[in-house]
Amino acid sequence: MLIVMDKDATASQIDAVVAKIETLGFVAQPMPGGERVAIGILRNPGPVDPALFVDMPGVIQAIPVSRPYKLVSREMKREDTIIHLPDLDLGRGRFVIMAGPCAVESESQALTIAEKVKAFGARIFRGGAYKPRTSPYSYQGLGKTGLKILKKVREETGLLIVTEAMDQDSLKLVAEFADIIQIGARNMQNFSLLRCAGRTGKPILLKRGMYATLEEWLMAAEYILAEGNPQVILCERGVRGIGEHSRNLLDLATIPAVRRESHLPIVVDPSHAAGRRDLVPPLARAAVAAGCDGLLIEVHHEPEKALSDGAQSLYPEQFAALMREIESLRPGGWS
Ligand code: PEP
Ligand code: MN
């Protein structure tokens, strides 16, 4: 249930509603909006009677929330969420490009790629220091050394950093170094990691699990919001398909479906969906046309030597060409 307060409601009227919710044994989550405050009721095991609240001073409406995900749902918050990053907003029409190699391999590799993606329009550098690899014998990432390299990239280029935390140990370090913490597809339902990520207070990029339904994905986001962290960016990266022509099946229908169900921004990663670089630009253009809030693209200056995901990494010139195409799809460009 969502209790909507009058736009002139006083602080003590809001406090009284919060106190009543707590007396009933539930959790109150005040959500200041542009005009008025709304208070979400959480952890109620069954329906709550609206009559308990509608006559309280300052209350104008009590709206039942029908969806299993509460804080994430449009019913709870009508206007789109904006992710506030240092000098950069994402969401509600603010379109952002994140780009970089799959993995940070060395300082010179990261800096070379960062300079290039910056020159062509990226504002956020994406590179993994901790890599979730199918094989334990594949390159696992540089760990803390990789994070220090990312710090240097940030200092030297001004690009913000998104990088993955694979477990609770790496999360602590990643939270110190990153502007956005990525939770990968394989960890989308690692509920204890989601809770800890929520508690960092940092923006979280939550990739869709490779078999996750929309509801499961939004419930995973709910774990983060339930920890008091509303800064979640959803990332569609494709689900397991039947074709051998692409690594995954990019599900563009999630863009309008997420918009309908949730106020959270959604970005698209065509690289992990495609698995091969020739498929990346058309999928990226389609994602933009479908209305996503940003793209996450793997780029490598020497993809044939890349230690991970080289086949799907664009050459810098291909990335530049894609950025020009996207500019024509989005008159006004992007942040
Ligand atoms: C990645 O971003 O490099 C990655 C491993 O992605 P995903 O979790 O989507 O497979
Ligand atoms: Mn990758």
Flag for A62 being under 30 Å from P281 (Cα atoms) and either at pLDDT 95 or above or surrounded by 13 or more Cβ atoms within 10 Å (Cβ to Cβ) (or both)
no
Test: residue in region 260-277 that is among the charged types (D, E, K, R), out of contact with any Asp or Glu (no Cβ under 7 Å at 6 or more places or on another chain), surrounded by fewer than 20 Cβ atoms within 10 Å (Cβ to Cβ) and closer than 30 Å to L71 by Cβ
yes
I'd like the full set of residues that are more than 16 Å from ligand 2 (Cβ to nearest atom) and in contact (Cβ under 8 Å) with a residue 12 or more places away in the chain, limited to region 281-314.
P281, R285, A286, A287, V288, A289, A290, G291, C292, D293, G294
Selection count where residues are without any contact (Cβ under 8 Å) to a residue 40 or more places away in the chain and under 12 Å from the mean Cα position of the chain (by Cα), scope region 230-255:
1
For region 51-74, which residues satisfy the criterion of being without any contact (Cβ under 8 Å) to a residue 60 or more places away in the chain and closer than 27 Å to Y223 by Cβ?
F53, S66
Does A185 meet the test of being closer than 19 Å to R133 by Cβ and either surrounded by fewer than 24 Cβ atoms within 10 Å (Cβ to Cβ) or modelled with pLDDT of 95 or more (or both)?
yes
Working only within region 107-147, note down all residues that are under 23 Å from the mean Cα position of the chain (by Cα), in a helix (DSSP H, G or I) and of a type in the set (D, E, K, R).
K118, K144
Check G228, G241 and return the single one that is at pLDDT below 95, more than 16 Å from ligand 2 (Cβ to nearest atom), out of contact with any helix residue (DSSP H, G or I) (no Cβ under 8 Å at 6 or more places or on another chain) and not basic (K, R).
G241
Restricting region 157-174 to residues that are more than 15 Å from the chain's Cα centre (by Cα) and among the aliphatic types (A, V, I, L, M), the residue that is farthest from D269 (Cα to Cα)
L173
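Conditions (1) hydrophobic (A, V, I, L, M, F, W, C); (2) within 16 Å of ligand 2 (Cβ to nearest atom), marked per residue:
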| position | (1), (2) |
| --- | --- |
| L88 | yes, no |
| G93 | no, no |
| V96 | yes, no |
| V104 | yes, yes |
| Q109 | no, yes |
| E115 | no, no |
| G121 | no, no |
| Y130 | no, yes |
Just to be sure before I move on: is V267 closer than 19 Å to A289 by Cβ, within 16 Å of the chain's Cα centre (by Cα) and within 16 Å of ligand 2 (Cβ to nearest atom) in the structure I sent?
yes
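I'd like to check something: does region 269-280 contain any residue that is more than 16 Å from ligand 1 (Cβ to nearest atom) and in contact (Cβ under 8 Å) with a residue 60 or more places away in the chain? Give the steps one after another, and end with the answer.
The initial filter retains those residues of region 269-280 that are more than 16 Å from ligand 1 (Cβ to nearest atom), namely 278.
Subset that is in contact (Cβ under 8 Å) with a residue 60 or more places away in the chain: none.
No, the conditions are met nowhere in region 269-280.
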Given (1) among the hydrophobic types (A, V, I, L, M, F, W, C); (2) in contact (Cβ under 8 Å) with a residue 60 or more places away in the chain; (3) more than 16 Å from ligand 1 (Cβ to nearest atom), where does A221 come up short, assuming only one miss?
(3)
Subset of region 103-150 (residues that are out of contact with any Phe, Trp or Tyr (no Cβ under 9 Å at 6 or more places or on another chain), closer than 22 Å to G275 by Cα and in contact (Cβ under 8 Å) with a residue 60 or more places away in the chain):
Q109, R126, G128, S138, Y139
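Residues that are modelled with pLDDT under 95, touching a strand residue (DSSP E or B) at 6+ places or on another chain (Cβ under 7 Å) and not in a helix (DSSP H, G or I): does region 294-317 have at least one? Walk me through it before giving the result.
Taking region 294-317 first, the residues modelled with pLDDT under 95 are none.
Looking for residues that are modelled with pLDDT under 95, touching a strand residue (DSSP E or B) at 6+ places or on another chain (Cβ under 7 Å) and not in a helix (DSSP H, G or I), one finds none in region 294-317, hence no.
The values are calculated or read from the model by the stated rules, or taken from the named source; none is laboratory data. On a predicted model such as this, the values are computed, not experimentally measured, just so you know. Here Cβ is always computed from backbone atoms with ideal geometry, including for glycine, and neighbour counts include all displayed protein chains.
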